[in-house]
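Have a look at the structure below before the remarks.
What follows draws every value from the coordinates through simple rules; no lab data is involved. Being a predicted model, the structure only gives us computed values, none of them experimental. Because the Cβ atoms are built from the backbone with ideal geometry, glycine has one as well, and the counts that use them run over all protein chains shown.
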Amino acid sequence: MEPILEMKHIRKTFSSTVALGDVSLEVWPGEVRGLIGENGSGKSTISSIAAGMQKADSGEMVFQGKPWNPKSMIDALQHGVGMIVQESGTISGVTVAENIFLAELGQFKKLGIIDRRAMNKKADEALRAIGVNDVHGSTPLAALDFQTRKLVEIAKVVMKQPRILVVDETTTALSQNGRDILYDIIKRFRKEGKAVLFISHDLEEIMEVCDTLTVLRDGARIRDFRKEEFDPDAIRTSMIGRELQGDYYRGDFTPSRLDEVALRAEHLRSGDALKDVSIDFHRGEIVGIGGLSHCGMHTLGKILFGAEHPEAGSVTTADGTKITNETAAMKHGIGYVAKDRDVESLALNTSIRDNIAIAGMERYAIGNFLVTGLKERPYVDAQIKSLSVKCSDRDQLVSQLSGGNKQRVVFGKWIGRGSEILILDCPTRGVDIGVKKAMYELMDQLKREGKAIIMISEELPELMGMADRLIIMKDGVIMKEFARSRELSDAEIIKYMI
Ligand SMILES: Nc1ncnc2c1ncn2[C@@H]1O[C@H](COP(=O)(O)OP(=O)(O)OP(=O)(O)O)[C@@H](O)[C@H]1O
Ligand SMILES: [Mg+2]
């Protein structure tokens with residue numbers, strides 16, 4: 001048997017950054033190969049080279065026995081390698097169907113005019129083929145949320161029936177239903193003797209989904225694991241090059257908080273997402289909010305920050321101010337890490353420095369408006385250091401950072417601002433275990449400094465590991481509240497989620 005794809009001695013640099021030193025990788029028929037490694041280890045780079053998104057500096061690729069030099073992603077897809085990218089892979093100004101057929105609108109042209117009906121119909125077919133039933137070709141993409149856009153992107157790639165499917169850190173953006181759709185596709189690829197390259201930071205998921213696993217570290221291939229060798233500790237150790245000491249989460253199991261209420265949500269309503277939700281958030285408390293992705297918790301996060309307006313109800317700070325917009329929220333010391341970092345949290349085409357400095361403005365402003373570079377630089381550098389953002393320097397564009405390093409910049413932006421109330425919506429999405437641990441430690445420290453922390457998450461272990469109080473939502477209502485305890489069991493909690 002021959003590999004479907006062979007990548008030999010691939011090297012890729014970005015000015016002084018060596019993204020890939022000398023990496024060789026093969027993908028075999030019927031194989032689902034996982035790629036795992038810390039943020040910035042080169043996973044997106046190696047897979048995007050295979051999928052034609054960028055070119056290697058040197059090295060060689062062979063696909064189905066022939067030299068492989070795709071000119072673009074579209075070229076690669078048309079010849080058998082398709083990729084679901086880590087960040088947004090769709091265009092928002094056009095419809096779902098136009099996204100799906102972007103490169104080949106020509107096939108729907110009759111006498112110079114595009115037959116939209118035919119195109120929409122084909123788009124619907126592509127979506128139905130992967131099991132997405134409630135999205136239509138004619139819908140403007142802008143009307144869809146991030147997860148549905150990802151499904152459109154998946155439909156577009158799978159429709160072309162590639163021999164190799166690359167899935168880059170996609171599942172964290174999907175709800176269970178979306179994940180199941182993707183897992184079904186992956187199983188089908190395996191059965192049909194095709195192949196999948198699967199990137200994820202979720203060790204449990206990757207061990208479940210993949211047949212083999214390749215660990216990358218600092219742009220080098222460190223070790224391969226076959227399914228029967230899968231062992232979480234061994235994989236982690238080879239990822240970070242040393243053993244990870246101690247526990248991830250806070251060490252105590254005693255719920256605690258200060259008496260003072262920092263933020264009060266009263267009778268919030270918002271369509272189907274929230275139906276009369278009231279919660280008091282105290283200083284010195286980590287409140288975890290969990291549930292399935294459409295339970296309303298993400299909408300709640302936006303409303304608490306004033307980024308969305310409820311139909312009824314109010315959000316009030318300790319001094320009695322009503323929070324109705326983001327400016328008021330920021331002025332009253334509220335920080336917000338949004339779930340979809342590209343859309344809501346970062347200005348991608350500006351530097352790390354500008355992103356971190358904008359939120360931290362008043363910390364180093366002299367008077368009210370004068371910002372001096374002299375003060376700004378050490379401040380920004382301190383944030384970069386404390387979250388170990390992997391970058392060339394503070395002036396690097398955020399768009400050039402790896403996915404997890406972008407998330408660190410978002411986190412740094414709000415922590416550095418000295419926010420008294422932090423709303424964190426899936427804060428550890430896409431970050432590697434080392435930094436996850438650092439983020440948890442930081443949260444624990446902020447709690448002990450008396451800050452109020454609201455952690456919205458789809459990952460039960462981190463909620464159980466960190467929260468003083470765990471609130472479970474379903475269909476826009478609070479189903480149950482659990483106090484921190486060593487005895488909490490996930491089975492018990494999940495009962496209230498589904
Ligand atoms: N366009 C670019 N310009 C400059 N540096 C880049 C660019 N793209 C990637 N890099 C750098 O190359 C390295 C590898 O990045 P890559 O995106 O492959 O990491 P990754 O393993 O996918 O990480 P993550 O888990 O965070 O997504 C990083 O140090 C990153 O900052
Ligand atoms: Mg990546």
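Taking the DSSP beta bridges with both ends in the chain, the antiparallel portion is around 55 percent. Candidates Leu424, Gln383, Met119 compared by Cα position along the dipole of the chain: farthest toward the positive end lies Met119, with charges placed on Cβ.
Charge dipole of the range 177-221 (Cα centre as origin; +1 on each Lys and Arg Cβ, -1 on each Asp and Glu Cβ, all else neutral): 280 debye, rounded to the nearest 20. Of the residues Gly241, Cys295, Gly306, the one whose Cα sits farthest towards the positive end of the charge dipole of the range 184-337 is Gly241 (charges of +1 on Lys and Arg Cβ, -1 on Asp and Glu Cβ, taken about the Cα centre). Run the simple label-point estimate for Tyr183 and Thr316 please: 7 Å along Cα→C-beta, distance reported in nm. Result for the modelled spin labels: 4.5 nm. The aspartates and glutamates within cross-link reach of Lys447, meaning a Cα-to-Cα straight distance under 16 Å and a gap of 8 or more places when in the same chain, are Asp252, Asp259, Glu260, Asp280, Glu285, Glu420, Glu462, Asp468.
Each of Pro255, Leu460, Ile74 was scored by the projection of its Cα onto the charge dipole of the chain, and the greatest displacement toward the positive side belongs to Ile74; charges sit on the C-beta of Lys, Arg, Asp and Glu. Taking the DSSP beta bridges with both ends in the range 5-240, the antiparallel portion is around 60 percent.
Spin-label model, Leu111 to Gln78: label points 7 Å out along the Cα-to-beta-carbon direction sit 2.8 nm apart. Evaluated with a Cβ-only charge set (Lys, Arg +1; Asp, Glu -1), the chain carries a dipole of roughly 1140 debye about its Cα centre, given to the nearest 20. Between His309 and Ala118, the contour length at 0.36 nm per residue exceeds the alpha carbon distance by 64.9 nm. Remark: spin-label model distance Asp395-Leu258 equals 4.1 nm, labels positioned 7 Å along the Cα→Cβ axis. Taking a ≥ b ≥ c as the square roots of the eigenvalues of the Cα gyration tensor, the range 261-497 is prolate, since a/c reaches 1.5 or more and a/b is larger than b/c. Using a simple charge model, +1 on the beta-carbon of Lys and Arg, -1 on the beta-carbon of Asp and Glu, nothing else, what dipole does the range 212-327 show about its Cα centre, in debye to the nearest 20? With Lys and Arg at +1 and Asp and Glu at -1, about 340 debye. Averaging Cα coordinates gives a centre for the range 1-19 and one for the range 293-341; these two points are 44 Å apart. Between Thr327 and Ala103, full extension at 0.36 nm per residue minus the direct alpha carbon distance yields a gain of 76.5 nm. Take the Cα of Glu449, step 7 Å along the line toward its Cβ, and report every residue of the range 308-337 whose backbone nitrogen sits under 14 Å from that point. Those under the cut-off are 333-335. In a fully extended conformation the segment linking Ser24 and Asp57 would gain 10.5 nm over its present Cα-Cα distance, using 0.36 nm per residue.
Sorted fewest first by neighbouring Cβ atoms within 10 angstrom, Glu205, Glu481 come out as Glu481, Glu205.
When Lys109, Lys437 are arranged by Cβ crowding within 10 Å, least crowded first, meaning fewest neighbours, the order is Lys109, Lys437. Packing here is the average count of other Cβ atoms within 10 Å per residue, and on that basis the peptides 264-274, 483-493, highest first, run 264-274, 483-493. Take the Cβ atoms of Ala438 and Glu192, set R0 to 56 Å, and the FRET efficiency comes out at 0.85. Among Thr254, Thr17, Thr317, the order by Cβ neighbours within 10 angstrom, fewest to most, reads Thr254, Thr17, Thr317.
Go ahead and collect, in residue order, the members of the range 30-58 whose backbone nitrogen is under 15 Å from a label point 7 Å along the Cα-Cβ direction of Thr13. Of the residues in the range 30-58, 56-58 have backbone N under 15 Å from the label point off Thr13.
Relative protection proxy for 42-49, 8-15, from highest mean packing down: 42-49, 8-15 (other beta-carbon atoms within 10 angstrom).
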